[in-house]
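S.K.: Before anything else, here's the structure in question.
The values are calculated or read from the model by the stated rules, or taken from the named source; none is laboratory data. Here the structure is a predicted model, which means the values were calculated and not measured. Please note: Cβ atoms are built from the backbone with ideal geometry, for glycine as well, and neighbour counts cover all protein chains shown.
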Amino acid sequence: MFETLISIVIFAVGIVGLIGAFLTSTKLAGENRYRTEVVAISNELLGEMSVADHTQLKTQYANTGTNKFADWKTKRVGTLPKGNATINFPTTKNGTVVALTVTWSSPGGTTDSENSFVTKTYFP
């Protein structure tokens with residue numbers, strides 16, 4: 001009788017552990033979905049910029065005003081939870097450097113759960 005109770009307790013602890021592992025994996029899969037999406041939409045913008053006139057990048061993709069960057073930010077980054085993006089053009093002697101930062105929050109997360117993706121690309 002006592003052995004049966006012990007085995008039931010061990011089985012219950014195992015089931016609770018499995019449920020916890022399942023919930024954690026579901027949460028991480030959701031977070032990874034957003035990371036993958038951010039990389040894809042960032043590559044989309046940088047790909048568009050790579051075929052554009054490189055002398056006009058700062059004008060067409062500036063961080064302010066109504067332009068291609070603002071359109072991309074509204075259409076693509078706006079789909080992320082608390083999504084935001086900034087673009088900068090650090091000074092360089094030759095060519096153009098683009099620094100793109102995309103931030104978002106994990107769904108249901110706290111203020112500490114803000115994520116960011118930063119990429120720098122050089123256009124000769």
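S.K.: Restrict the check to the stretch 64-74 and report whether at least one residue is acidic (Asp, Glu), at pLDDT 90 or above and over 24 Å from PRO124 (Cα atoms).
M.R.: Narrowing the stretch 64-74 to residues acidic (Asp, Glu): 71.
After this cut, where a residue has to be at pLDDT 90 or above as well, the list is 71.
With over 24 Å from PRO124 (Cα atoms) added as a condition, the list becomes 71.
Looking through the stretch 64-74, at least one residue is acidic (Asp, Glu), at pLDDT 90 or above and over 24 Å from PRO124 (Cα atoms).
Residue-by-condition table, conditions (1) in contact with a strand residue (DSSP E or B) (Cβ under 9 Å, 6 or more places away or on another chain); (2) on the phi > 0 side of the Ramachandran plot; (3) without any contact (Cβ under 8 Å) to a residue 40 or more places away in the chain:
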position: TYR34; (1), (2), (3): yes, no, no
position: ILE41; (1), (2), (3): yes, no, no
position: SER50; (1), (2), (3): yes, no, no
position: LEU57; (1), (2), (3): yes, no, no
position: THR66; (1), (2), (3): no, no, yes
position: ASN84; (1), (2), (3): yes, no, yes
position: SER106; (1), (2), (3): yes, no, no
position: SER113; (1), (2), (3): yes, no, yes
position: PHE123; (1), (2), (3): yes, no, no
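S.K.: Hey, can you tell me all the residues within the stretch 86-97 that are surrounded by fewer than 18 Cβ atoms within 10 Å (Cβ to Cβ) and either in contact (Cβ under 8 Å) with a residue 60 or more places away in the chain or among the hydrophobic types (A, V, I, L, M, F, W, C) (or both)?
M.R.: Correct list: PHE89, VAL97.
S.K.: In this structure, does ALA62 turn out to be free of Cβ contacts under 8 Å to residues at least 60 places away in the same chain, of a type outside the set (Val, Ile, Thr) and touching a strand residue (DSSP E or B) at 6+ places or on another chain (Cβ under 8 Å)? Please lay out each step first, then the result.
M.R.: Values: free of Cβ contacts under 8 Å to residues at least 60 places away in the same chain: yes; of a type outside the set (Val, Ile, Thr): yes; touching a strand residue (DSSP E or B) at 6+ places or on another chain (Cβ under 8 Å): yes.
It is true that ALA62 is free of Cβ contacts under 8 Å to residues at least 60 places away in the same chain, of a type outside the set (Val, Ile, Thr) and touching a strand residue (DSSP E or B) at 6+ places or on another chain (Cβ under 8 Å).
S.K.: Out of all the residues in the stretch 98-113, which are surrounded by 14 or more Cβ atoms within 10 Å (Cβ to Cβ) and either over 12 Å from TYR34 (Cα atoms) or not hydroxyl-bearing (Ser, Thr, Tyr) (or both)? Quick ask: steps written out before the conclusion?
M.R.: The first filter runs over the stretch 98-113 and keeps only residues surrounded by 14 or more Cβ atoms within 10 Å (Cβ to Cβ), leaving 98, 100-107, 109, 113.
VAL98, LEU100, THR101, VAL102, TRP104, PRO107, GLY109, SER113 - these are the residues of the stretch 98-113 that are surrounded by 14 or more Cβ atoms within 10 Å (Cβ to Cβ) and either over 12 Å from TYR34 (Cα atoms) or not hydroxyl-bearing (Ser, Thr, Tyr) (or both).
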